[in-house]
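Single-structure report; data block below.
The values are calculated or read from the model by the stated rules, or taken from the named source; none is laboratory data. Predicted, not measured: the structure shown is a model, and the values here were computed from it. In this analysis, Cβ positions are derived from the backbone assuming ideal geometry, glycine residues included, and neighbour counts consider all displayed protein chains.
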Amino acid sequence: MLTDIELYGRDMPKIPDTVTSFRLQILKARLGELVSVHFMEQDIQLINTVTKAIRFWTRMRDGEENENYS
């Protein structure tokens with residue numbers, strides 16, 4: 001992932017906590033729904049995608065750059 005300076009040519013403001021906190025809250029609730037079913041019925045691909053999104057928004061909340069999100 002590119003830094004803000006590489007991508008935009010300047011520093012960018014941090015994403016507001018209200019945005020990241022709301023997304024994390026919804027994603028964590030969704031993850032809870034996905035893992036609450038019997039393990040044979042779980043959608044592992046969707047669980048992994050939601051987990052990746054949680055990691056992404058946690059890093060955005062914490063202002064981390066230069067991370068590989070793939």
- Message: Condition first: outside any helix (DSSP H, G or I), hydrophobic (A, V, I, L, M, F, W, C), without any contact (Cβ under 8 Å) to a residue 40 or more places away in the chain and exposed (fewer than 11 other Cβ atoms within 10 Å of the Cβ). Can you find one or more residues in region 32-41 that meet it?
- Response: yes
- Query: What are the pairs, 6+ residues apart or on separate chains, where a residue within region 45-66 that is modelled with pLDDT under 90 and surrounded by 17 or more Cβ atoms within 10 Å (Cβ to Cβ) has its Cβ under 9 Å from a residue that is part of a helix (DSSP H, G or I) and polar (S, T, N, Q)?
  - Reply: Met60/Thr20; Arg61/Thr20; Arg61/Ser21
- Item | Filter result (in a helix (DSSP H, G or I) and either modelled with pLDDT of 90 or more or loosely packed, with under 11 Cβ neighbours inside 10 Å (or both)) within region 1-23 | Glu6, Tyr8, Asp17, Thr18, Val19, Thr20, Ser21, Phe22, Arg23
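Name every residue in region 8-27 that is touching a helix residue (DSSP H, G or I) at 6+ places or on another chain (Cβ under 9 Å) and closer than 10 Å to Trp57 by Cβ, in order of residue number. Step through it out loud before you land on a result.
Narrowing region 8-27 to residues touching a helix residue (DSSP H, G or I) at 6+ places or on another chain (Cβ under 9 Å): 10-12, 14-15, 17, 19-21, 23-24, 27.
Correct list: Ile15, Val19, Thr20, Ser21, Arg23, Leu24, Leu27.
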